[in-house]
Amino acid sequence: MKKIFLFALLLPASLWAFQKNNGATSQKPTGTVTLICRIYGVPANLDSMYVYENMGLANRIVARGSRRALDSAYVLNVPVSTPKFYLVGANELSTTKIILGGEKEVTLWGNSQFMQKARTVNSPANMSFEKLQTQIADLQTLGTQLSAQFKVSNGAARPPAESRLVQFGKSKLRLLDSLKTANPLLWRFASLQLTPDFMGQGAEYDFYGKEYFRNADLTDKAFEEIPEVFSAFEKYTAQLLNLGASQEQAVALAEAQLAKIPAGSRTRRMAMGGVVSMLKNASSNQYPVMAKKYIDLYRNNNYGEIPRLEMELRRAGTQTTGFEAPDLAGMTPDSTNYSLKQMRGKVVMIDFWASWCGPCRKENPNVVANYHKYKDKGFDILGVSLDRDMASWRKAIEADGLPWHHISDLKGWQSAYAALYSITSIPQTLLLDREGKIIARNLRGEQLSEKLKEIFGM
């Protein structure tokens, strides 16, 4: 353990050599930057590589390069700039992070299936970046070990464990201080990775919620060029949830951090995007809330992510009480058109079913009974069928005596309605209030009867 700890304390000194060299050679270039991608394991249909500028929830294509006939390498020319981070790959799903801008030519070697492991040659800037990433990974591993030892320590073992954690924190600050002057670009990247350490005072999630970004000056406009802001806020949100913060607490803490970043800055946009992304990955009920805020803020400055978010939000909203159900409009059994919006002002149950669905048909008598009991009180039903055959659909409606409104696109499991509402099995229902907002999902049998009794008071 002592050897590992001493290694951590020596890291700033060992980094200085490549930082200083990097700082001495990074002169402002002129013209274009040439990126040569030597990628092996390339599928036959892979004819292009791309350089992307990461904008958080979206990427912008900066350059595209085709294979060179001479040696099958991909050659891309990137507009000259001060050194900044880009993503390189054949598509947005498999990329590697790279620094371009201050060097006339950079060569990237990698496997098309594992682009995140690609490495550069003849690039001091990227060699420094790759070394720093390794150093940060080592520090994070050591930090996890020291934090675990501190948490389980007690009695005589507590002071030494606390001292090691304090000294470890100081070593991270020395590393950041040495980078700040020698290589500001890498300092900004590292400041988002090297976070403070919890020392056992109060709730751990509350500590990280407030102190996670202590080492990063996110008011610095230069952070707008650091796409790691997005990833850092993803990790931040995940850590709060993993440490036991409720979804509402995690969002409140995240919003307090966002409020510290200048409004209208790209930094705040990337940070908010990171929060939204992690809430989606965590299937949080707060995802629709934050996604809607993001859309409202950035709708008029769309990078391409807004339409995708709006579609995801419509789908997510179908899972969340309090959200307005997306409209459903389509063909009725008599080949006219009808829509959910026409039912506004009533308490509505959307019933996904099909003539061939045994459990659906078995539940229908209960639904019919509730319909007749409450229809004069303002209750109505929209049946959405996953049938493919018009005749079977009509026959089932008549046989089961279903007098309410019905629509279908007759596409079975390929139904656009099922896709919009994330329906993967039937029967499924959604109960909506008079404003079209979701009250509950998948009420059947006695549960449906009790909920309607609660709403209508009889």
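The values are calculated or read from the model by the stated rules, or taken from the named source; none is laboratory data. Owing to the predicted nature of the structure, the values given are computational and were not obtained by experimental measurement. Cβ atoms come from the backbone with ideal geometry, glycine included; neighbour counts cover every protein chain shown.
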| field | Hits in segment 149-168 - residues which are touching a helix residue (DSSP H, G or I) at 6+ places or on another chain (Cβ under 9 Å) and under 17 Å from Tyr212 (Cα atoms) | value | Leu165, Phe168
| message | Being of a type in the set (D, E, K, R), closer than 19 Å to Gly304 by Cβ and in contact (Cβ under 8 Å) with a residue 12 or more places away in the chain is true for just one of Arg60, Arg38. Which residue is that? | response | Arg60
| query | Can you find even one residue in segment 411-428 that is within 21 Å of Val347 (Cα to Cα), in the same structural domain as Met349 (by TED's automatic domain parsing), in contact with an Asp or Glu (Cβ under 8 Å, 6 or more places away or on another chain) and surrounded by fewer than 16 Cβ atoms within 10 Å (Cβ to Cβ)? | reply | no
| request: Please specify each residue of segment 383-437 satisfying the condition of being free of Cβ contacts under 8 Å to residues at least 60 places away in the same chain and in contact with a His (Cβ under 8 Å, 6 or more places away or on another chain). | output: Gly383, Val384, Ser385
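Any idea which of Pro262, Pro227 is in contact (Cβ under 8 Å) with a residue 12 or more places away in the chain, under 23 Å from Ala291 (Cα atoms) and surrounded by fewer than 21 Cβ atoms within 10 Å (Cβ to Cβ)? Write out each step before concluding.
Details: Pro227 fails: surrounded by fewer than 21 Cβ atoms within 10 Å (Cβ to Cβ).
Result of the check over Pro262, Pro227: Pro262.
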| Qualifying residue in segment 332-352 (condition: without any contact (Cβ under 8 Å) to a residue 40 or more places away in the chain and under 16 Å from Gly412 (Cα atoms)) | no
| request: May I ask you to verify whether Pro12 is at pLDDT below 90, more than 30 Å from Gln140 (Cα to Cα) and either within 35 Å of the chain's Cα centre (by Cα) or not polar (S, T, N, Q) (or both)? | output: no
| request: Determine, yes or no, whether Val166 is in a helix (DSSP H, G or I) and in contact (Cβ under 8 Å) with a residue 60 or more places away in the chain. | output: no
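Of these, Thr96, Thr134, Thr120, which one is of a type outside the set (D, E, K, R), closer than 18 Å to Met55 by Cβ and not in a loop (DSSP other than H, G, I, E, B)? Break it down into steps so the answer makes sense when it comes.
Values: Thr134 fails: closer than 18 Å to Met55 by Cβ; Thr120 fails: closer than 18 Å to Met55 by Cβ.
Answer to the selection: Thr96.
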| request: Name every residue in segment 123-148 that is more than 19 Å from Leu185 (Cβ to Cβ) and without any contact (Cβ under 8 Å) to a residue 40 or more places away in the chain, in order of residue number. | output: Thr141, Thr144, Ala148
| message | Which residue is farthest from Ala419 (Cα to Cα), if the candidates are limited to segment 325-384 and must be surrounded by 15 or more Cβ atoms within 10 Å (Cβ to Cβ) and β-branched (Val, Ile, Thr)? | response | Val368
| remark: Those residues of segment 29-55 that are closer than 19 Å to Ala125 by Cα and at pLDDT below 85 come to a total of 3
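Would it be correct to say that Ile295 is under 22 Å from the mean Cα position of the chain (by Cα) and of a type in the set (A, V, I, L, M, F, W, C)?
Working: under 22 Å from the mean Cα position of the chain (by Cα): yes; of a type in the set (A, V, I, L, M, F, W, C): yes.
Against the criterion (under 22 Å from the mean Cα position of the chain (by Cα) and of a type in the set (A, V, I, L, M, F, W, C)), Ile295 qualifies.
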| note | Asp296 fails exactly one of (1) crowded, with 16+ Cβ neighbours inside 10 Å; (2) not assigned by TED's automatic domain parsing to the domain that holds His406, namely (1)
